[in-house]
Amino acid sequence: MNKAGKIFVVGLGPGDRAHMTLEAKAVIEKSDVIVGYKTYIDLIKDMIEDKEVFSSGMKKEIERCTETLEIAKQGKVVSLVSSGDSGVYGMAGIMLEVVSKAESDIKVEIIPGVTASNAAAASLGAPIMHDYATISLSDLLTDWSLIEKRLHYAGQGDFVVCLYNPKSKGRQKQIEIAREILLKYKKQDTIVGIVKNAKRDGETVVITTLKDMLKHEIDMFTTVIVGNSNTYLVNGKIITPRGYKL
Ligand code: SAH
């Protein structure tokens, strides 16, 4: 009988090897085949020299999942890799959907990773110590009106807000609108942390305010964390207090 194929959807973490989980590493090592977007494949090049590798460009998510399923059906163990946590704006959901639609009995296991908001938060101090909302500003797959609505509610609820996909070459306005919406509920001096390339080569950390945040570089490698009404800055670190009395 053929060996049973299996799919792992693996979150590689933010980039540095030290921030990849031991389980992610173990699963990649025991896989026959690795599938992923080229940038992520490059992150683990040294770990996968002996493996079959299928790398593809961006916006080929469905093809990548279909390919992954086809490979698993041949009896191979295949890891579909993506950055951060694969269940946070990653590949886990679409992989499960593709397998379900194909009515396949191939097993899929999701291996969690350190997501960008956790990596960025750690570099800033402790900004997401209290309730927070992550909102992606990418309107490629989500109606912009729904994104705006969520920004309003997150602001109204005094959530700390982690903004993923804040700005790209083709999407410049979204971060400006997001700031304007949050300013309806949050003060101008609300603390904002901007982390580019968190926990990987070239990390930059900026601490600013909602008023001034647009004066700083924000791009697709950046996560923006907007504090709540209690968030403050001490010794260069952001703290959103949990509420302990000292
Ligand atoms: N699955 C990923 C998120 C993919 S969406 C995760 O869990 O982290 C892509 C967005 O994530 C980027 O536009 C950026 O906002 C954020 N991001 C991913 N890696 C990052 C890093 N190392 N530093 C800062 N932001 C990052």
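Explain nothing, just the number: dipole magnitude of segment 116-239 about its Cα centre with +1 on each Lys and Arg Cβ and -1 on each Asp and Glu Cβ, in debye rounded to the nearest 20.
Values: 16 positive and 13 negative charges, 21 e Å.
About 100 debye.
Based on Cβ point charges of +1 for Lys and Arg and -1 for Asp and Glu, what charge dipole magnitude is obtained for segment 1-113 about its Cα centre, in debye rounded to the nearest 20? Could the numbers behind the result be given before it?
On the way: 15 positive and 18 negative charges, 17 e Å.
Dipole size: approximately 80 debye.
Structure note, pairs Lys25/Lys76; Lys3/Lys107; Lys38/Lys101; Lys59/Lys149; Lys59/Lys107: Cα-Cα distances above 22 angstrom occur for Lys38/Lys101; Lys59/Lys149; Lys59/Lys107. Sequence-distant contacts, meaning Cα pairs under 8 Å at least 6 residues apart, place the relative contact order of the chain at 20 percent. Using just its DSSP H runs of length 4 or more, each adding -39500 (n - 2.57), the chain gives a mean residue ellipticity at 222 nm of -8500 deg cm²/dmol after division by all residues. Under a Gaussian network description of the chain, with springs only between Cα atoms under 10 Å, the residue in Thr134, Thr142, Thr68 that fluctuates furthest is Thr142. Accessible area per residue for the chain, computed on protein heavy atoms with a 1.4 Å probe, is 53 Å².
Measuring nothing but protein heavy atoms, the accessible surface of segment 6-111 at 1.4 Å probe radius is 52 percent carbon and sulfur. Relative to the longest principal axis of the Cα atoms of the chain, helix 92-101 runs at roughly 40 degrees. The trypsin sites (Lys or Arg not before Pro) of segment 1-49 that DSSP puts in a loop, and whose beta carbon has at most 14 other beta carbons within 10 Å, are Lys3.
Which order do Arg200, Arg171 take by accessible area at a 1.4 Å probe, largest first?
On the way: Arg200 70, Arg171 20 Å².
Ranked from most to least accessible, the order is Arg200, Arg171.
Residues within the reach of a label modelled at Lys107 (point 7 angstrom out along Cα to beta-carbon, backbone nitrogen below 20 Å), restricted to segment 27-50, are 27-35.
In the chain, once you exclude exposed GluC sites (Glu not before Pro) (DSSP loop, at most 10 other Cβ within 10 angstrom), what's the longest stretch remaining?
Details: sites that count: Glu49, Glu103.
Looking at the chain, 104-246 is the longest stretch - no exposed GluC sites (Glu not before Pro) with at most 10 other Cβ atoms within 10 Å.
Once the Cα atoms of helix 61-73 and of the chain are each reduced to a long axis, what angle between those two axes, in degrees from 0 to 90 to the nearest 10, is obtained? With both axes taken from Cα atoms, the answer is about 30 degrees.
Across segment 1-88, Cα pairs under 8 Å and at least six residues apart give a relative contact order of 51 percent. How tilted is helix 173-183 with respect to the longest principal axis of the chain? Cα atoms for both, answer in degrees (0 to 90, nearest 10). Result, in degrees: 50.
Dipole magnitude for segment 146-213: computed about the Cα centre from +1 point charges on Lys and Arg Cβ and -1 point charges on Asp and Glu Cβ, it is near 220 debye. Dividing the radius of gyration of the alpha carbons in the chain by their Kirkwood radius gives 1.02 for Rg/Rh.
The values are calculated or read from the model by the stated rules, or taken from the named source; none is laboratory data. Note that the structure is predicted; figures quoted are calculated from it, not measured. Cβ coordinates were reconstructed from backbone atoms using ideal geometry, including for glycine residues, and neighbour counts include every protein chain displayed. In case anyone asks, the SASA skips ligands and DNA or RNA and just uses the protein heavy atoms, side chains included. Shrake-Rupley method; radii C 1.70, N 1.55, O 1.52, S 1.80 Å.
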